[in-house]
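To start, the structure itself, in structure tokens.
Values in this text are rule-based calculations from the coordinates and carry no lab data. What you see is a predicted model, and the numbers here were worked out from it, not measured in a lab. For neighbour counting, all protein chains shown are included, and Cβ atoms are generated from backbone atoms with ideal geometry for every residue, glycine included.
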Amino acid sequence: MDSQKNFILKTVSEKNENQGYLLENDICITPDPSAPITRRGVLMSFLSGKIVEIPDEDLLGRCRFVSEFEKLNRIGEGTYGIVYRAKDTKNDIIVALKKVRMEHEKDGFPISGLREISILLTCRHENIVQLNEVVVGRSLESIFLVMEYCEQDLASLLDNMQQPFTESQVKCIMLQVLNGLQYLHKHYIIHRDLKVSNLLMTDKGCVKIADFGLARTFSIPGKNMTPKVVTLWYRAPEILFGSRTHTTAIDMWAVGCILGELLSHRPLLPGRTEVHQIELIIDLLGTPSKEIWPEFPTLPALKNFVLKKQPYNKIKSRFPWLTVAGLRLLNFLFMYDPMKRATAEECLKSTYFKEPPLPCDPELMPTFPQHRNLKMGLKQNNNASLTLGGSNPPPPPPSISKSDGLEETIPVSELLTSLTKKARHE
Ligand SMILES: Nc1ncnc2c1ncn2[C@@H]1O[C@H](COP(=O)(O)OP(=O)(O)OP(=O)(O)O)[C@@H](O)[C@H]1O
Ligand SMILES: [Mg+2]
């Protein structure tokens, strides 16, 4: 059993048809999980073309066991994994351990986990979360990503901070996000799930893009891709209207939503459904047309919606205090036509980041209490070592009870705030 898991994680250098393995960005997966596991493996040298047999003792990879980490507390949980703060007992370094969620998988290792591992292994940039290694538990289901630990994620921070970020802090955050994105896009990677809960921040003010469960490498010309990516509030109009070719522009739309959210201290386009999301976009930017977006009439899902007529761009009235350069940047990020939308490189050159208030130095960003550890962590499993099987159960689904503070008499404004907090993380 163990051998199959380790083998799955084995990196190989080329497709090996004879042994029936498929490659997903250098990660080897067996096409039929019930097929017997073949233990032979070879590598081909790119220099000489020589085939070298992998020694038996190296064939299964050399992942460490998760028992070498001391679990401190749970810091996050999302669609694809549970994340713990933990200590590496070898060197006492605090890390984040993300357990790959296998619950719904009948067909072997989940593709989201594979993509996350393979993409993160190829990335090295200060604004992209660092994957140090992959460790395993005893059962086939327990596989963990060991990542550098970041004290905050922007969603929890926005939910809990006493005072909103200043404009110069917003610029500092955005510049770092844009630097990370520029790196990704230059390396043909689209993140496809940018949102505040996937942006982490260290106590030194360094912002890191995380959560690569939906990320993909792309080629030019593009291939067809899954339509339902990107959390609704940050989803670009071309995806909402069913475009199957995803470009880096979908990340740039999400950047516009994040910039708007940081500047206005609330989510910019918090749609409840796809129809509502499109309504909110049109309310803010006006109805799209063939004139400004030539591909628009051909988009497959357009027929599912009746678009209301709204001729005005209302960004200026939504951000009346923003400078001309700031408004120009937001409008550039919210171009309906993905071909005309700002790239990360163009944003980095924007006058907005060069005019007062100037972006603050990351080192000068304030530090914040670690709410995630205070709230979730200290109550549970303190100092418990991770079991070898990694059998920690997921938390129960959120239920609305009195102890959640959602009693009948709660004022609507508070209810909205609390729902916003929940939705930001979804
Ligand atoms: N390296 C890290 N350091 C600190 N916290 C982290 C780290 N990685 C993830 N987290 C926390 O765990 C949360 C969930 O992680 P992540 O987004 O990677 O998982 P996910 O299951 O893909 O999430 P979702 O489906 O909600 O987007 C993050 O929002 C963040 O709060
Ligand atoms: Mg996430």
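How much length, in nm to one decimal, is gained on full extension between HIS265 and THR287, taken as 0.36 nm per residue of separation minus their Cα-Cα distance? Don't skip to the end; give the middle numbers.
Working: separation 22, 0.36 × 22 = 7.92 nm, distance 2.55 nm.
This chain segment gains 5.4 nm when fully extended.
Work through the residues other than PHE296 whose Cβ is under 13 Å from its Cβ and net out their charges, Lys, Arg +1 and Asp, Glu -1.
-1
Applying 1/(1 + (r/R0)^6) with R0 = 25 Å to the Cβ-Cβ distance of LEU121 and PHE368, what FRET efficiency is obtained, to the nearest 0.05? Don't skip to the answer; put the middle values down first.
Working: r = 30 Å, r/R0 = 1.21.
Using R0 = 25 Å, I get an efficiency of 0.25.
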Nonlocal amide H pairs with ARG272, under 5 Å, H built at 1.01 Å: GLN277
Note, ³J(HN,Hα) from phi for the range 138-149, Karplus 6.51, -1.76, 1.60, rounded to Hz, x at Gly and Pro: 7, 8, 4, 7, 9, 10, 10, 8, 9, 10, 4, 8
With each label point set 7 Å from Cα along the Cα-Cβ vector, what nm distance links LYS349 and SER317? 3.4
Taking amide hydrogens as modeled 1.01 Å from N in the peptide plane, which residues meet the under 5 Å criterion relative to ALA342, leaving out close sequence neighbours? LEU333, MET335
So what J values fall out for the range 303-310 if you push phi through Karplus, 6.51 cos²θ - 1.76 cosθ + 1.60 with θ = phi - 60°, rounded to Hz, Gly and Pro as x? 5, 7, 10, 9, 8, 7, 8, 9
Name the residue farthest towards the positive end of the dipole of the range 66-148 from the options THR122, ILE75, ILE111, assuming +1 on Cβ of Lys and Arg, -1 on Cβ of Asp and Glu, about the Cα centre. ILE75
Pull out a ≥ b ≥ c, the square roots of the eigenvalues of the alpha-carbon gyration tensor of the range 66-148, then state rounded if a/c is under 1.5, prolate if not and a/b is larger than b/c, and oblate in the remaining case. oblate
Could you state the number of Å between the C-alpha centres of the range 231-270 and the range 125-186? 18
Under unit Cβ charges (Lys, Arg +1; Asp, Glu -1), what dipole magnitude, rounded to 20 debye, does the range 66-148 have relative to its Cα centre? 100
Which part of the range 255-270 falls in the paramagnetic zone of VAL324, meaning amide N under 11 Å from the point 7 Å along Cα-to-beta-carbon? none
May I ask you to sort LYS354, LYS208 by Cβ crowding, counting other Cβ atoms within 10 Å and putting the fewest first? LYS354, LYS208
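Restrict the search to the range 103-198; then list the chymotrypsin sites (Phe, Trp or Tyr not before Pro) that DSSP places in a loop and that have at most 14 other Cβ atoms within 10 Å of their Cβ.
Details: sites: PHE144, TYR149, PHE165, TYR183, TYR188; in loops: TYR149, PHE165, TYR188.
Those satisfying the criteria are TYR188.
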